[in-house]
Amino acid sequence: MIGFYNYTVILTYISLISSIIGIACAKFNHPLMAIFALLFCGLCDMFDGKVARSKTDRTNEEKKFGIQIDSLCDLVCFGVLPASICLEIWGESIHNRLMWVLITVICAFYVLAGLIRLAYFNVTEETRQSQTDEVRAKYQGLPITTAALIIPVVYILRYFMPCNAFPWVYTGALLLVAILFITPFSIKKPKLAASLVMLAAGLLIALILLFAAKHSRIKRAEQPRQAAKTSVEMLQASTNTEEL
């Protein structure tokens, strides 16, 4: 078969599968599950490079294949998936054509910015690897994989603000992140300690999302009961008044 199927690319393939599941969840109105899929993609991305470099006898073709497949996977995981979540969040609340066009353009720009950034990375990474075997020390622009933490943090706000405001906040965050993807500034590649901090942050975000979602469901479930209780109390008060 065409391609390479050794253990160095397994995590990348798993990450892609997770992103497809996340896109499907967003499509069928389960954005929270899509966010968890995004977090899992980020977890896979943290270790796929380390796993790939553990194979010291990789051929030049395997190295180049790894660069390409990783970037293609990243585009789906951290580009298409967050944009799909954005479209689901808006859902049927887009009532005019101009707004629909605006949201679609922002989502398209986000994916395009991610694509440009990844293509630029591929070119520079191939050149770098042909000159040295050392691990990259810095990135140019905001790495697209940071979406695995940024987007879930933004999504947490959904449980603490008015429903009609959150879609604008999410879309604004998407636009800002897209601009940072293609802005020429240097950022150090995280070392082990920083990677562990990000891993802990991801776990904390997941726990906060679970708690917020559970609290939100309880609150929504209590609202009808509270309304029914109020109606009963009003009816009883009315009855007592009539008796008097």
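Numbers for the structure displayed
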item	result
Restraint check, LYS63/LYS138; LYS191/LYS214; LYS55/LYS189; LYS50/LYS191; LYS27/LYS189, Cα-Cα greater than 23 Å	LYS191/LYS214; LYS27/LYS189
Within-15-Å neighbourhood charge of LYS188 [Cβ basis; K, R +1; D, E -1]	+3
Estimated [θ] at 222 nm from DSSP helical runs (n ≥ 4, -39500 (n - 2.57)) normalised by residues in the chain, nearest 500	-26000 deg cm²/dmol
Inter-centroid distance (Cα atoms) of segment 93-134 relative to segment 25-64, Å	17
Cα shape, the chain, gyration tensor, a/c 1.5 rule	prolate
Charged-residue dipole, Cβ positions (Lys, Arg, Asp, Glu), the chain about Cα centre, Debye nearest 20	440
Helical segments meeting 15 Å axial Cα length and Kyte-Doolittle 0.0 threshold in the chain (DSSP H)	10-27, 31-53, 97-131, 166-181, 192-243
Rounded, prolate or oblate (a/c below 1.5 giving rounded, otherwise prolate when a/b exceeds b/c) for segment 1-46 by Cα gyration tensor	oblate
Cys residues of the chain counted as unpaired, since no other Cys beta-carbon is under 4.7 Å	CYS25, CYS44, CYS73, CYS86, CYS107, CYS163
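Values in this text are rule-based calculations from the coordinates and carry no lab data. All values derive from a computational prediction rather than experimental measurement. Note that we place each Cβ from the backbone using ideal geometry, even for glycine, and neighbour counts take in every protein chain shown.
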